[in-house]
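Have a look at the structure below, then the notes.
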Amino acid sequence: MTPPPATTPDTALVFDRALVRARRDRAAAGFDGVDFLFRTIAERLAERTGDIRRAFPRALDLGAHSGLLGAALRSAGVGRDMLVSSDLSPAFIARGRGVRVVADEELLPFAENSFDLIASALSLHWVNDLPGALVQINRALAPDGAFLAALFGPRTLHELRRAWAEAEQAIDGGVSPRVSPFVDLRAAGGLLQRAGFALPVADAETITVDYPDPLTLMRELRAMGESNALLARRTAPTGRATLMAAAERYHALFAGPEGRVPATFEIVYLLGWAPHPSQQKPLKPGSATMPLAAVLAQGNTND
């Protein structure tokens, strides 16, 4: 059953969630041919669960797509008692295995204390109310449960954004929104804290993928279900002249010696914990027993 639409206030709406669902449904059948980035991030998230060195018997793959993260988590020993896959798209959920739920990240249907780990790979960047979604995720975790996610960061597709802006300005006389707003690394830890997570950690990496030409990149983004779903997008079809101008500008600005073009994907990783009394706490101001000057002096001693 498809869940009801989220209750995010209209003033906070950025994305057309119905369109996001429709595009994921359309992408599901051919996703295996363009899933390289999702596969890479799923493997890296699963590796991070190994670094944590604790068991996660009940886990949720949130925004599962074709189930790559769930499979990687199973291989890492996560979710031995229960591994649930959820996605906005019924077509993707139909492709999965095990316990599967069609669920909107903006209106999670899970009870409190349901999971020891909630992990999400490249899905939450389409959420209108990310702070609200994080609060719901925290609520669904058991005390001392972990939230681990990868989201696109603000440098993602900066080449495409520039090429489209210059082409639209030249051909159409104005620029329309083309690339989604993404979570900034500097704000990520604060988002986790405001949602009630303890011990928040955020870091980032950049993955650059080469394509034969800009049009191939655009086709693959569409095949991934990652094309423009901004509510403020231009709804009229893009003219061929503008499309070709964007491709030509992309090539002129960024092509390498062999003519291939790069596409940048910045990945922001988030880790936070549902609060528990056993967790480490920051020291209270003024509780240090050694003056800072003494610490610095120790660090600068010469043998």
What is the Cα centroid distance between the stretch 213-259 and the stretch 128-145, reported in whole angstrom?
35 Å
Out of the stretch 102-142, which GluC sites (Glu not before Pro) are coil in DSSP terms and have no more than 16 other C-beta atoms within 10 Å?
Glu112
For Arg44 paired with Thr208, estimate the spin-label separation in nm (one decimal), with each label point 7 Å from Cα along the Cα-to-Cβ line.
1.5 nm
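Rounded to the nearest angstrom and ordered from largest down, what semi-axes does the equivalent ellipsoid of the chain get from its C-alpha gyration tensor (root of 5λ)?
Numbers: eigenvalues 254, 139, 72 Å².
Each semi-axis is the square root of five times an eigenvalue, giving 36, 26, 19 Å.
Expected output is a single nm value to one decimal: the length gained when fully extending between Asp144 and His276, i.e. 0.36 nm times separation in residues minus the C-alpha distance. What is it? Working shown, then result.
On the way: separation 132, 0.36 × 132 = 47.52 nm, distance 0.51 nm.
Roughly 47.0 nm would be gained on extension.
Hey, what did the chain get for relative contact order, percent, Cα under 8 Å, at least 6 apart? Intermediate results must be reported in sequence, preceding the final value.
Values: 541 pairs, mean separation 62.8, N = 303.
Rounded, it is 21 percent for the chain.
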Can you give the longest stretch of the chain with no exposed loop site, where a site means trypsin sites (Lys or Arg not before Pro) in a DSSP loop (not H, G, I, E or B) with at most 11 other C-beta atoms within 10 Å?
98-303
As a test, work out the antiparallel percent of DSSP beta bridges whose residues both lie in the chain, rounded to the nearest 5.
55 percent
Total formal charge among the other residues, if their Cβ is under 11 angstrom from that of Leu107, Lys/Arg +1 and Asp/Glu -1:
-3
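A short reminder: the numbers here are calculations on the coordinates, not readings from a lab. Quick caveat, the model's predicted, so the values are computed rather than measured. Cβ: placed from backbone, ideal geometry, glycine included. Neighbour counts: every protein chain shown.
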